[in-house]
Structure formats: C-alpha cells, structure tokens
1. Can you work out ³J(HN,Hα) from phi for every residue in region 137-151, in order, using Karplus 6.51 cos²θ - 1.76 cosθ + 1.60 and θ = phi - 60°, giving whole Hz and x for Gly and Pro?
2. Given H placed on each backbone N at 1.01 Å, which residues far from residue 67 in sequence or on other chains put an amide H within less than 5 Å of it?
3. Mind telling me which of 192, 65, 246 comes out most flexible in a GNM of the chain, alpha-carbon contacts under 10 Å?
4. Whose amide H sits under 5 Å from the amide H of residue 23, counting only residues 5 or more places off or on another chain, with H placed in the peptide plane?
5. Starting from 0.36 nm per residue, how many nanometres of slack lie between residue 164 and residue 231 once their C-alpha separation is accounted for?
6. So for the pair residue 140, residue 26, with labels modelled 7 Å out along Cα→Cβ, what separation do we get in nm?
7. Between exposed chymotrypsin sites (Phe, Trp or Tyr not before Pro) in the chain, where DSSP calls loop and at most 14 other Cβ atoms lie within 10 Å, what's the longest gap?
8. Springs between alpha-carbon atoms under 10 Å, Gaussian network over the chain: tell me which of 39, 150, 28 tops the mean-square fluctuations.
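The values are calculated or read from the model by the stated rules, or taken from the named source; none is laboratory data. Everything numeric in this text was worked out from a predicted model, so none of it was measured. Here Cβ is always computed from backbone atoms with ideal geometry, including for glycine, and neighbour counts include all displayed protein chains. All accessible areas refer to the heavy atoms of the entire protein, side chains included, with ligands and DNA or RNA removed. Shrake-Rupley method; radii C 1.70, N 1.55, O 1.52, S 1.80 Å.
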Amino acid sequence: MTKYWAVTPTSALLADGAPIAELDTSGTPGFTGDKKAGTQLLAERSPVLSDLQEKLYANGRSGDRRSVLLVLQGMDTAGKGGIVRHVIGSVDPQGVDHAAFGVPSREERRHHYLWRIHKALPRAGQLGVFDRSHYEDVLVVRVHNMVPPTEWERRYDEINAFEHELVDEGTTLVKIAMFISLDEQKKRLAERLERPDKYWKFKPADIDERAFWPAYQEAYQAVLDRTSTDYAPWYVLPADHKWFARLAVTELLIAAFLRLKLDWPPALFDIAEQKRRLAQA
C-alpha cells in the first residue's frame, strides 16, 4: 500500500491509503456538512487566514526571513485557479507572491529546470503561491517523454534537496495535489465551451491530455512516493467539490501559519515619546 497525506478541513494525517487511482475524488474527508455549511465555514475561517498572513507580512517588514509557499498541482480544471481566487484572494495582496508556471519560455529552456522556480520564490514575509511548479518537470515531462527516463528519474532527488534547502532557509512548504475524476473534468471542460466568459480558459489540448490520464496517475503516484518528506509532505486533496477544496486549502494554510507561532512585531521606537510628539504636532 502507498503512503500518502490525506487532508481534512481541520487536520492532516499521514495514513496508509490506497493508490491515488482508487481515491474517491468526490469525497469530503473529515467534513460531514454540505456545500452550504462548507461555504459558511470558509467565510468564517478566511479572516483567520488573513490575520495570520498579515502577521507574517509585518514580521517580514521587521527583518523576519520566514515565508510560506503554497504549491498547487493538479490536472487541467482541477480548481487551482479557484483556490487562488477564493482562498488567496481573501488575504492582503501586497503580502502575496504569485507565480503560474506554464510551458517554459525559450529563455527558460536554456537554463536548468529549477532556474525559473528560484526566480519566483517568495520573499521574506510573503505568502508564495505556485500554480503548477517544478513538479511539471517530473509530470508532463515524464508523461510526454520530453527527456530520457534517466533525466527525470534523478530529478526526484534534486527536488527533495532543493526543498530541504528552502525549509532550512525559513520557507514553510504546503504542497497540495488536487485530484478530480475524468467525469468531473469532462463536465468542467463542457462548461467552458458553453460559456463565452470561459472560452479563454479552454485549450483544445486539454481534450488531448485526457488520453494520457493513466500515465498521469502513474506519474503523480511516483511524485507522492518519491517527494513526500517530513519537511515537505504532500497533501492529497479530493477536488470534485470546489467548495470543499477551497475550505481544505484554507485550513492547511492556517495550520502552517500557526506552526510559525507568529505574533505582531514589537515597536522599534519609544511609544510614549511618539505619542507625546504627536500630541504636540
């Protein structure tokens, strides 16, 4: 049996689980409420996340070098953009460093695959968000045979070493693999074709990629098996229900921020003196 990280809205547990090919993508593990209850809870928890993120940002402005990096991976239509909009959209944007990784540019292809990742890492005090990430180079690259197997095989260890270095330097990683069913993906693609406001999100290649679904499941399984570590674990997220996915990511981020034990930075000036000066101004 494969070990993977299963997520609930209130906690994350390391468990012995079935392979991701058998994951119930319509599940809401740990949450017994319906969409209405989940949406209401998200509205209650979003200000908590916002407050914690502001504390991180304030500490960063005061010399704290720590940061948080949310890594979102998933097939097309898995809901990564919705997470950015509805979860990250609830916090102060000046404290967010966001990067979306698509097909590498000509310049990026001239460098090591981690080159563009290094350039997008969150600054001190920032909440970084990766919509896709360095894992594309052991997922898409593997599925489509873009490099020899010996090349992508060694990248698992490279990625582990890279993430270990990030953690040692003060970055907390929250890596989330979002999984939807083939049927749910088909439904979401069909919706994009029915709505003019969604045409821009549709790519004909998305349909082509559906033929590679088994290969992607195998590639994702390898990613979870090879790169889920104590210092940077993977969280497996059933994402057929968008409301649940957004709630779960919110809770995982809150948990990550709480582990930092953040407080407001102390004043670097004499408060009484500044009050006196202000009163006389």
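1. Rounded to whole hertz, the list is 7, 10, 10, 4, 4, 6, 4, 9, 6, 6, 9, x, x, 4, 6.
2. Placed amide hydrogens put 125, 171, 172 under 5 Å from residue 67.
3. 192
4. none
5. Separation in residues times 0.36 nm, less the Cα-Cα distance, equals 23.4 nm.
6. Computed distance between label sites residue 140 and residue 26 equals 3.0 nm.
7. 1-230
8. 150
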